[in-house]
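What follows is one structure encoded as structure tokens, with my remarks underneath.
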């Protein structure tokens, strides 16, 4: 059994993936305001996770606490659930975790 990836490691990769998604977002012709709000909340949570480097066993509780401290707890909680799902996916799907650990390379950057 391999050791769990640190949340900060996965969140660092998720930040890189957000940067690539930003390249795709800029090419869309529709109103991007809702996307920007959600991605901003997600980015702040990811940046805090990288800085705080919570323990893998306490990551879910850490995300809940951070979302409750947010100015937009509902939106932050939605993004926290998404981050938790992506972290779990990085654990379950080795290829995804390795892609994140490699900086989430994308042609959309």
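The values are calculated or read from the model by the stated rules, or taken from the named source; none is laboratory data. These numbers were taken from a predicted model, which means no experiment stands behind them. Glycine gets a Cβ as well: all are built from the backbone with ideal geometry, and neighbour counts include every protein chain shown.
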Checked the stretch 80-101 for anything over 16 Å from residue 8 (Cβ atoms) and touching a residue at least 40 places away in the same chain (Cβ under 8 Å); matches are 82, 99
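Of all helices (runs of 4 or more DSSP H) completely enclosed by the stretch 1-106, which ones contain at least 1 residues that are touching a helix residue (DSSP H, G or I) at 6+ places or on another chain (Cβ under 6 Å) and modelled with pLDDT of 95 or more?
It comes to 7-26, 33-52, 59-69, 73-92.
Could you check the stretch 54-79 and list, in sequence order, the residues that are closer than 21 Å to residue 38 by Cβ and without any contact (Cβ under 8 Å) to a residue 24 or more places away in the chain?
Selection gives 63, 64, 65, 66, 67, 68, 69, 71, 73, 74, 77.
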